[in-house]
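Comments concern the structure below.
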Amino acid sequence: MERLCASADVPEGEVRQVDLGDGRVLAVYRVEGEVYATDDLCSHGDASLADGEIKDGKIVCPYHMGSFCIRTGEPTGAPCSIPIRTYRLVERDGEIMLVA
Ligand code: FES
């Protein structure tokens, strides 16, 4: 498992960008107490989803206001039509970790 960030770095209802330094850049979210991660890059254009807003379990892209389900990565609002990857996380002892 790989450490992403501290639990305190991702407060309820917020999203943070985490650069793993190996080409992968994730967006890490907290929704109703649970942590989730997706690719940070929107599948519609060159936007960081970590700059977007969480609404009803979805991340709304800051560029064209398309959206994705945070849990599944499925597109939920136009113009987004290509799913984004999701990642499995565990939260333990105040740390958020990526399950390899
Ligand atoms: Fe994200 Fe267009 S770049 S909706």
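Summed over region 51-67, residues that are more than 9 Å from the ligand (Cβ to nearest atom) and of a type outside the set (A, V, I, L, M, F, W, C) total 6. The requirement of being acidic (Asp, Glu) and surrounded by 14 or more Cβ atoms within 10 Å (Cβ to Cβ) is fulfilled somewhere in region 85-94, by at least one residue. Among the residues making up region 55-67, a single one is aliphatic (A, V, I, L, M) and open to solvent by 40 Å² or more (accessible area, probe 1.4 Å): 65. Can you work out which of the residues in region 1-44 that are closer than 16 Å to residue 58 by Cα and of a type in the set (D, E, K, R) is surrounded by the fewest Cβ atoms within 10 Å (Cβ to Cβ)? In this case the residue turns out to be 32.
Within region 42-53, residues that are in contact (Cβ under 8 Å) with a residue 40 or more places away in the chain reach partners that are more than 7 Å from the ligand (Cβ to nearest atom) and in a helix (DSSP H, G or I) with beta carbons closer than 6 Å, at six or more positions or on different chains, in the pairs 42/49. Here the condition is being under 10 Å from the mean Cα position of the chain (by Cα) and without any contact (Cβ under 8 Å) to a residue 40 or more places away in the chain; of 27, 37, 78, it holds for 27 alone.
Where strands (runs of 3 or more DSSP E) fall wholly inside region 6-60, the ranges with 2 or more residues that are closer than 26 Å to residue 93 by Cβ are 15-19, 25-31, 34-39. If the condition is being more than 8 Å from the ligand (Cβ to nearest atom), open to solvent by less than 50 Å² (accessible area, probe 1.4 Å) and either under 18 Å from residue 17 (Cβ atoms) or assigned to a loop (DSSP other than H, G, I, E, B) (or both), then region 68-82 contributes 68, 70, 73.
Annotation: of all residues in region 11-50 being more than 10 Å from the ligand (Cβ to nearest atom) and of a type in the set (Asp, Glu), the one that is farthest from residue 83 (Cα to Cα) is 12.
The values are calculated or read from the model by the stated rules, or taken from the named source; none is laboratory data. Everything numeric in this text was worked out from a predicted model, so none of it was measured. Here the Cβ is made from the backbone with ideal geometry for all residues, glycine too, and neighbour counts use every protein chain on show. Side chains included, ligands, DNA and RNA excluded: accessible areas come from the protein's heavy atoms. Shrake-Rupley method; radii C 1.70, N 1.55, O 1.52, S 1.80 Å.
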